[in-house]
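Scroll down for the structure; my scribbles are underneath it.
The values are calculated or read from the model by the stated rules, or taken from the named source; none is laboratory data. None of these values were measured; they are calculated from a predicted model. All Cβ positions, glycine included, derive from the backbone under ideal geometry; neighbour counts span all protein chains shown. What goes into the accessible areas is simple: the full protein's heavy atoms, side chains included, and nothing from ligands, DNA or RNA. Shrake-Rupley method; radii C 1.70, N 1.55, O 1.52, S 1.80 Å.
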Amino acid sequence: DRPESAKIIHSAIDYGINFIDTSNVYGKGLSEEYIGHALKGRRDEMLIGTKFGSMRRQGPNNFGGTRAFVIRSVEESLARLQTDYIDLFLIHWPDHDRAFSEPMEALEQAKKAGKIRHTGVSNFSVEMMAESRETSPIITNQIGYHIFDRRPEADVMPFVKKNRMGIMAYGSLAHGLLT
């Protein structure tokens, strides 16, 4: 719940954690709302990374990388997070129905407006990252990576290193297998 979430986030800050990763679909948006509530008065102590691109509701412009969806997603995440900027805004899943330049141009517009500071991607191949970088710099790729699935080491990680990007790994404990 909201009070317990705030207590956990405040404790994390007190122990030196300064980055929180979420998405507009986690808890149907409640994750962003709880984080925003918890960071009131402490926003400058935490970097926020959030994602868009996954479907929150049915209908046109409610998924993917359309310009309209990107712009609306930025505004909705800012409102839920109760902040005027997002440190890192990532495309959650690639939208194969359009050129990657479309969402990247919208993200660049949001950066120029000061609404997001950096852009990233999640679950993108080398080819998708290369195409995206033609329109806008991306600083990270969030990928599934753990000791039993080391496939990203063959191509994604060398590309990221060569292009001075970062990796954000998810599923690091093999999605529970190593816990």
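Here are the numbers:
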{"quantity": "Nonlocal amide H pairs with T22, under 5 Å, H built at 1.01 Å", "calculated": "G49, T50, K51"}
{"quantity": "Reachable lysines, given that their alpha-carbon falls under 24 Å from the alpha-carbon of K112 and they are not under 8 places away in the same chain", "calculated": "K51"}
{"quantity": "Cross-link table K7/K111; K40/K162; K7/K28, entries beyond 29 Å C-alpha to C-alpha", "calculated": "K7/K111; K40/K162"}
{"quantity": "Amide hydrogen neighbours beyond the local backbone of H118, cut-off 5 Å, H modeled", "calculated": "L88, F89"}
{"quantity": "Surface accessible to a 1.4 Å probe, per residue, for the residues of region 30-119, Å²", "calculated": "45"}
{"quantity": "Region 1-39: chymotrypsin sites (Phe, Trp or Tyr not before Pro) falling in loop per DSSP and having at most 12 other Cβ within 10 Å", "calculated": "Y15"}
{"quantity": "Three-way shape label, the chain, alpha-carbon gyration tensor, a/c 1.5", "calculated": "oblate"}
{"quantity": "Length-normalised contact order of region 24-179 in % [C-alpha pairs under 8 Å, at least 6 apart]", "calculated": "18"}
{"quantity": "Rounded to whole Hz, the Karplus (6.51, -1.76, 1.60) HN-Hα couplings of region 89-97, x for glycine and proline", "calculated": "10, 10, 6, 5, 9, x, 9, 7, 8"}
{"quantity": "Whole-percent carbon and sulfur share, accessible surface of the chain, 1.4 Å", "calculated": "54"}
{"quantity": "Segment R42-E108, length gained on full extension (0.36 nm per residue, minus Cα span)", "calculated": "21.1 nm"}
{"quantity": "Built amide H within the under 5 Å cut-off of G166, gap 5+", "calculated": "T140, N141"}
{"quantity": "Loop-resident sites, region 97-179, for chymotrypsin sites (Phe, Trp or Tyr not before Pro), counting at most 13 other Cβ within 10 Å (DSSP)", "calculated": "F148"}
{"quantity": "Full-stretch length increase - I167, D87 - with 0.36 nm per residue and alpha-carbon distance subtracted", "calculated": "27.2 nm"}
